[in-house]
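Right, one structure below, let's go through it.
Nothing in this text is a laboratory measurement; each read-out follows from the coordinates by a stated rule. Predicted, not measured: the structure shown is a model, and the values here were computed from it. Positions of Cβ are generated from backbone atoms using ideal geometry, with glycine treated the same way; all protein chains shown enter the neighbour counts.
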Amino acid sequence: MNLVTQIVDKQLKAYNQLDFETFASCYHENIKSYELETQAQLENMCGDKFFLHYKEKFKKNPEIFCKVTERIVHDDLVIDKEYITTCKGRNHKEMVIYKVEDGLITKMWFSKEIIEEQI
């Protein structure tokens, strides 16, 4: 396992344990997030807003869990297909691309497909 996958795995483990401090420590303070299909920057998921989003998400979804179903690693990119379950009766799949620089995740691209599935 290389440094790129180590940091992505660390944030995934922290996400699943609702450990916000460890989760946040995996990201650059100026994290940038984008919609994959349009390349539009997701303003509500950049910098301080990114951290606030996840802090609230962990509080509101105490049973959230993410499982990586497929992974491709290329240079400083990790491309994960993820299956996320929540306590609100909905599950969804998404693809996330993580860019890692100097041991931190600096950029992310999201592509989401909602699956209306009761859990």
Next item on the list: Along Cα→Cβ, 7 Å out, is where each label goes; now give me the distance between the ones at T106 and E21 in nm to one decimal.
Entry: 2.7
Check: On a 0 to 90 degree scale, rounded to 10, what angle separates helix 47-60 from the longest Cα axis of the chain?
Finding: 30
Next item on the list: Return a whole-number percent for the relative contact order of the chain, with Cα pairs under 8 Å and 6 or more residues apart as the contact set.
Entry: 25
Note to self: For F110, F23, which order do you get if you count the other beta carbons within 10 Å of each Cβ and list the fewest first?
What the structure shows: F110, F23
Next item on the list: Return the distance in nm (one decimal) between the two label points of a simple spin-label model at Y83 and T5, each offset 7 Å from Cα along Cα→Cβ.
Entry: 2.0
Check: For the residues L12, L36, what sequence is obtained by ranking on other C-beta atoms within 10 Å, fewest first?
Finding: L36, L12
Notebook entry, point to check: Under 5 Å between amide H atoms, partner at least 5 residues away or on a different chain: which partners does K107 have, H built in plane at 1.01 Å?
Noted result: K32, K99
Checklist line | Paired Rg and Dmax values of region 1-48, which use every Cα atom, in angstrom | finding: 12.2, 32
Margin query: How big is region 23-119 along each principal axis, measuring the range of its Cα positions in Å and listing the largest first?
Written below: 39, 27, 25
Next item on the list: Using label points projected 7 Å from each Cα along Cα→Cβ, tell me how many nm separate R71 and Q39, to one decimal.
Entry: 2.8
Notebook entry, point to check: Around D9, what is the net charge, scoring Lys/Arg as +1 and Asp/Glu as -1 over all other residues with Cβ under 12 Å from its Cβ?
Noted result: +2
Next item on the list: Just rank T38, T5, fewest to most, by other beta-carbon atoms within 10 angstrom.
Entry: T38, T5
